[in-house]
1. Applying the selection to the stretch 35-73, what residues are among the aliphatic types (A, V, I, L, M) and modelled with pLDDT under 90?
2. Any residue at all in the stretch 151-172 that is surrounded by fewer than 19 Cβ atoms within 10 Å (Cβ to Cβ) and touching a helix residue (DSSP H, G or I) at 6+ places or on another chain (Cβ under 6 Å)?
3. What are the residues in the stretch 96-127 that are under 21 Å from the mean Cα position of the chain (by Cα) and farther than 20 Å from residue 61 by Cα, if any?
4. Do we find a residue being closer than 20 Å to residue 174 by Cβ and either of a type in the set (A, V, I, L, M, F, W, C) or not assigned by TED's automatic domain parsing to the domain that holds residue 142 (or both) anywhere in the stretch 83-93?
5. When you go through (1) closer than 22 Å to residue 45 by Cβ; (2) surrounded by fewer than 20 Cβ atoms within 10 Å (Cβ to Cβ) one by one for residue 115, which number turns out not to apply?
6. Given (1) outside any loop (DSSP other than H, G, I, E, B); (2) out of contact with any Phe, Trp or Tyr (no Cβ under 9 Å at 6 or more places or on another chain); (3) among the hydrophobic types (A, V, I, L, M, F, W, C), identify the lone condition not met by residue 97.
7. Out of all the residues in the stretch 46-67, which are under 10 Å from the mean Cα position of the chain (by Cα) and not in a strand (DSSP E or B)?
8. Of these, 135, 127, 104, 81, which one is hydroxyl-bearing (Ser, Thr, Tyr) and in contact with a Leu (Cβ under 6 Å, 6 or more places away or on another chain)?
Amino acid sequence: MKESSRRGFMGKALGAVAGLGAIGSLVAMKKTWDPLPSVKAAGFTTLDMSVFTVGEMVTEQWRGKPIFVMKKSAEMVAKQTEEQSARDIVVNGTSYMVAIGLCTHLGCIPAYKQKEEYFLCACHGATFDSAGLVTKLPAPRGLDIPPFKIDGNNLILGEVGPEWQALKDNGITL
């Protein structure tokens, strides 16, 4: 009787150790599959929109992509078409152009021509106006607007807010 109780105990102990080892292995595998904290932090970028200068194109970074940001003057807003105005991001009454700075043709980075107020992609000659709309092909669509949420004076890139969702629902961005 003593022999079988010892054997039963050893079997249960071995089973418990194997179970703990399996749980430990699963936890370790999950940790390796989770994104690193630096990758998680790169998913969101907060821009303080009050620091931008009117009419100056600034390039920010979000998820390794260039983001074009320009604070528009009242003159610029007044001379826009309805289609251009629909792409504006308004933060506390001020209009901004915010777009992912990659040509929608092949992903080159267009250069902004300050005097003429347009973007030129040197790869294949596509041009975009100051709102990010295509003015010369081969680009298939305007510059994409990154997902954003407005929080006071801040624009949080990477978080979907109601303003961006409305742009997406209206076909203005992907």
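1. 36, 39, 41, 42
2. Yes.
3. Scanning the stretch 96-127 gives a single hit, 105.
4. yes
5. For residue 115, the exception is condition (1).
6. (2)
7. Listed by number, the residues that qualify are 63, 64.
8. Details: 135 fails: in contact with a Leu (Cβ under 6 Å, 6 or more places away or on another chain); 104 fails: in contact with a Leu (Cβ under 6 Å, 6 or more places away or on another chain); 81 fails: in contact with a Leu (Cβ under 6 Å, 6 or more places away or on another chain).
Going through 135, 127, 104, 81 in turn, the sole match is 127.
The values are calculated or read from the model by the stated rules, or taken from the named source; none is laboratory data. Since the structure is predicted, the reported quantities are computational estimates derived from the model, not experimental observations. Every residue, glycine among them, receives a Cβ derived from its backbone with ideal geometry; neighbour counts consider all protein chains shown.
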